[in-house]
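Shown next, in structure tokens, is the structure this report addresses.
The values are calculated or read from the model by the stated rules, or taken from the named source; none is laboratory data. Computed from a predicted structure; not experimentally measured. All Cβ positions, even for glycine, are placed from backbone atoms using ideal geometry, and neighbour counts span all protein chains on display.
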Amino acid sequence: MPWYRYRDIFVTPERIDAGARFWHRHADLIARVASAHDVDPSIIVAILGIETRFGRRTGDYRVLDALATLAFAYPPRSAFFAGQLEQFLLMSREDGKDVLQARGSYAGAMGAPQFIPSSFRAYAVDEDGDGRRDIWNDWADVLGSIANYFQRHGWRRGQPVAARAGRARETGAAPIDATERFRLDATIAELSSQGYVFASALPGSAAAAAFALQRDPRDSEYWIGFHNFEVITRYNRSIKYALAAYQLSRAIATAYQATSQEAAP
């Protein structure tokens with residue numbers, strides 16, 4: 001799917017408004033979780049919005065059935081899903097969960113953050129200290145688990161994620177295509193020397209990468225991704241996913257701040 005269509009699925013007025021309203025409802029909890037894990041609150045909210053529309057669409061497939069089907073009846077990725085089935089059984093034993101009760105997506109992704117079982121075991125947290133890691137119903141655990149995932153992958157709070165770029169001349173390596181895996185393969189100084197024009201307060205030695213996306217059926221747009229952009233791709237390897245998450249995070253933050261000012265006396 002080209003970027004201009006992909007973006008329109010996720011960065012919508014409805015999802016932005018829902019994100020701002022969700023943030024207002026859980027403002028104190030979001031602030032505590034973001035501070036505890038040193039992660040920007042807007043990216044926590046945006047990931048939740050993209051994955052499950054703020055917990056409204058978490059999937060109704062029995063996780064055991066989904067993973068067993070993919071492990072034994074889908075040869076192209078049977079090894080991966082067999083591994084996830086094992087992780088699910090271990091997770092269930094460790095956390096005392098009934099293997100027949102857990103629900104998720106058709107691919108076995110679970111709860112509001114849509115963690116696969118290996119991610120649950122590695123990154124889900126009992127944020128409120130009640131003795132359970134509940135990413136289905138407990139907002140403290142949901143938000144804390146997303147924040148922990150980003151913290152553990154090196155999120156740098158307050159640092160830029162990406163910048164829109166122009167290109168005065170085309171020299172050096174071609175930008176990363178949207179179908180490729182994102183990698184920080186250059187520095188800000190190197191990209192500037194290749195003709196990319198963009199704004200950044202980071203030093204010239206900071207790692208960065210240029211990528212191109214289809215703006216419309218006839219044209220492309222350039223972006224520069226920084227360290228935090230690469231961190232988002234750890235949640236989902238798609239460049240389009242990462243940029244949609246970033247743009248949604250900025251739009252939700254703007255809407256949240258605007259509605260906060262409107263509500264102020």
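Worth a mention:
- Put simply, of Ala174, Ala178 the only residue that is closer than 27 Å to Met1 by Cα and in contact with a Leu (Cβ under 9 Å, 6 or more places away or on another chain) is Ala178.
- Options Gly144, Gly204; residue that is modelled with pLDDT of 95 or more and in the same structural domain as Ala112 (by TED's automatic domain parsing): Gly144
- Complete set of residues in the range 112-144 that are of a type in the set (Gly, Ala, Ser) and touching a strand residue (DSSP E or B) at 6+ places or on another chain (Cβ under 7 Å): Ala124
- For the range 93-105, taking the residues that are of a type in the set (Gly, Ala, Ser) and assigned to a loop (DSSP other than H, G, I, E, B), the one that is surrounded by the fewest Cβ atoms within 10 Å (Cβ to Cβ) is identified as Gly96.
- For the range 28-39, the condition holds for no residue, the condition being that it is over 19 Å from Tyr149 (Cβ atoms), of a type in the set (Gly, Ala, Ser) and out of contact with any Cys (no Cβ under 8 Å at 6 or more places or on another chain).
- Gly108 being surrounded by 19 or more Cβ atoms within 10 Å (Cβ to Cβ), small (Gly, Ala, Ser) and over 19 Å from Val231 (Cα atoms): yes
- Within the range 72-85, residues that are charged (D, E, K, R) have Cβ atoms under 7 Å from residues that are in a helix (DSSP H, G or I) in these pairs: Arg77/Leu70, counting only partners at least 6 apart in sequence or on another chain.
- The residues in the range 160-201 that are at pLDDT 95 or above, hydrophobic (A, V, I, L, M, F, W, C) and more than 24 Å from the chain's Cα centre (by Cα) can be counted, and the count is 3.
- Single residue of the range 194-216 satisfying the filter (in contact with a Gly (Cβ under 7 Å, 6 or more places away or on another chain) and over 21 Å from Val231 (Cα atoms)) that is surrounded by the fewest Cβ atoms within 10 Å (Cβ to Cβ): Val197
- Look at the range 185-206: where a residue is closer than 19 Å to Glu221 by Cα and a partner is modelled with pLDDT of 95 or more and among the polar types (S, T, N, Q), sitting 6+ places away or on another chain with Cβ atoms under 7 Å, you get Ile188/Ser200.
- Hits in the range 226-259 - residues which are in a helix (DSSP H, G or I) and among the aromatic types (Phe, Trp, Tyr): Phe229, Tyr235, Tyr241, Tyr246, Tyr256
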